[in-house]
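The values are calculated or read from the model by the stated rules, or taken from the named source; none is laboratory data. Computed from a predicted model, the values in this text were never measured in an experiment. Here the Cβ positions follow ideal geometry from the backbone for every residue, glycine too, while neighbour counts run over all protein chains shown. For accessibility, only protein heavy atoms count, side chains too; no ligands or nucleic acids. Shrake-Rupley method; radii C 1.70, N 1.55, O 1.52, S 1.80 Å.
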Amino acid sequence: MIVIENVNKTFGTKHVLKDISANLYKGKCNFIIGASGGGKSVLMKCMVGLVTPETGSITFDGRDFLKLNYKEKINVRKDIGMLFQNTALFDSLNVEENVAFPLRMFTDFTEEQILDRVNFCLGRVNLVNLNKLFPSNISGGQKKRVGIARAIALNPKYLFCDEPNSGLDPLTSRVIDELIKDITKEYNITTVINTHDMKSLFVMGENIVFIHQGAKWWEGEKEGIRSSGNKELLAFMEASEF
Amino acid sequence: MRFFQHFGEYLLFLKAVFTKPEKGKIFVKQIFIESNNIGVGSFAIISLISTFIGAVSTIQIGYQLVSGILPDYLIGRIVRDSNILEFAPTVTALVLAGKVGSNIASEIGTMKVTEQVDALEIMGINAANYTSLAKIVSGVITIPMLVLYAMMLSLIGGAISGWASGIISVESFVKGLRTDFMGYNVVFAMTKAYTFSFLITSVSAFQGFRTEGGALEVGESSTKAVVYSCMSIIFFDYIISQLMLFK
């Protein structure tokens, strides 16, 4: 479980995150939704340690990330897997080497064990016979799957997905959604998904955090959205044709 | 003020780069790959440029020593000293600042804008160290080797052009090369080579690492890497010459 408490972040004079608190639950697909420029990406960057908030705390199962020293932070980061919006696969490495990368860096596995694990992860995301291809030679959907395979290679406790469906056709988007949902349940991971794709939210969303103009406006289960009475949230949903 | 801010950022970047690599085995593999890119990949251009610089310097020195009073083997001696002291290390470094420097900056810059650097950080890997240390170490190993190679080729080019243009016989040129040879000049040249190789790779890696934005900014970083590397090479050329030749 990830607990966010009173997180504030400013860039220059712009107050990007305003006193945000939220709970993100283990074994659930936790959605952070909101309009572009609303602060949800910054919040996710704060959670994974790419941006340091001025105040507040972000606690990973009792470990306050912002108060940890460098080595302790690295230990938390080893429990994090992340699927980037643009996949962020290493251009110079092929599919197999991309998935093997965290295993080579952080485990003492033999090459055989690494290859076994890589093939298992690629099989889990339904990618076979693509091991030797480079990211530039595969489709957007396949890149996302490789990104997921790399993210789960070290059996993470926390999976962060930044706009997992951006740039994908609706059918592939649903496949990626199902994959993330299945992996979350199968490995009992705390999954955090940053998106404005409402279809995804209604397919797999469980815990929803709505960020608007840098502040948290609503938090709850998806069933409660329509009865929330929150004008901004309902307007956001209507704009998404739901 | 901005200069001091950038210089401070550069020092902090170097502090992050010069830490123990996460996995020694991967680091060694990276060094071989980068040495191949930087060293072997620059072999052809350095061969061409150094041969022609030696050839041109022989013709120009021959043109200036037309009095008939001075012995012609002096051409070989002057070509030797000017190539060892200045042309081989400095021109090689300036050429590599363009070729290797822009390559390093654009590679790391692209990694930065496509979130590959973020991916490393999130995995708990020191991205500055992972992306840059192998490049810097490989540069410091291979660029001085290229400078030595450039020295040798420039002298061969000088001998060939002197003979082909009828300015000086090969025997006289070689006599000039062997007259009053000072090993210290090679030490001086190699000091410059090591300094320049560090500057080219570290300045370029730094420019790549501070890239933010998109393709346009990657191009800007690449240009800045070349410009700042060349400026620092010229500046340190002066400093090292002053310190080592006039103690």
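Does the range A:113-126 contain at least one residue that is more than 14 Å from chain B (Cβ to nearest Cβ) and assigned to a loop (DSSP other than H, G, I, E, B)? Yes, because at least one residue in the range A:113-126 is more than 14 Å from chain B (Cβ to nearest Cβ) and assigned to a loop (DSSP other than H, G, I, E, B). The single condition among (1) open to solvent by 30 Å² or more (accessible area, probe 1.4 Å); (2) more than 14 Å from residue B:42 (Cα to Cα) that residue B:119 does not satisfy is (1). Number of residues in the range A:65-78 that are more than 8 Å from chain B (Cβ to nearest Cβ) and open to solvent by 30 Å² or more (accessible area, probe 1.4 Å): the value is 7. The residue pairs whose first member lies in the range A:38-60 and is farther than 19 Å from residue A:217 by Cα and open to solvent by 10 Å² or more (accessible area, probe 1.4 Å), whose second member is part of a loop (DSSP other than H, G, I, E, B) and at pLDDT 90 or above, and whose beta carbons are closer than 7 Å, counting only pairs six or more residues apart or on different chains, are A:45/A:51. Restricting attention to the range B:7-32, the residues that are at pLDDT below 95 and more than 22 Å from residue B:121 (Cα to Cα) add up to 1.
Of all the residues in the range B:45-87, those that are assigned to a helix (DSSP H, G or I) and acidic (Asp, Glu) number 2. Among the residues making up the range A:196-235, those that are of a type in the set (A, V, I, L, M, F, W, C), more than 21 Å from the chain's Cα centre (by Cα) and either in a loop (DSSP other than H, G, I, E, B) or buried (at least 20 other Cβ atoms within 10 Å of the Cβ) (or both) are A:225, A:233. In summary, residue A:91 fulfils each of the numbered conditions (1) open to solvent by 30 Å² or more (accessible area, probe 1.4 Å); (2) part of a strand (DSSP E or B) with the single exception of condition (2). Farther than 26 Å from residue B:193 by Cα, open to solvent by 90 Å² or more (accessible area, probe 1.4 Å) and within 14 Å of chain A (Cβ to nearest Cβ) - does that describe any residue in the range B:26-38? No, the conditions are met nowhere in the range B:26-38. Could you say whether any residue in the range A:156-170 is in a helix (DSSP H, G or I) and over 25 Å from residue A:22 (Cβ atoms)? Scanning the range A:156-170 turns up at least one residue that is in a helix (DSSP H, G or I) and over 25 Å from residue A:22 (Cβ atoms). Has the range A:96-112 got at least one residue that is out of contact with any strand residue (DSSP E or B) (no Cβ under 8 Å at 6 or more places or on another chain), surrounded by fewer than 18 Cβ atoms within 10 Å (Cβ to Cβ), more than 13 Å from every other protein chain (Cβ to nearest Cβ) and not in a loop (DSSP other than H, G, I, E, B)? Yes; the residues of the range A:96-112 include at least one that is out of contact with any strand residue (DSSP E or B) (no Cβ under 8 Å at 6 or more places or on another chain), surrounded by fewer than 18 Cβ atoms within 10 Å (Cβ to Cβ), more than 13 Å from every other protein chain (Cβ to nearest Cβ) and not in a loop (DSSP other than H, G, I, E, B).
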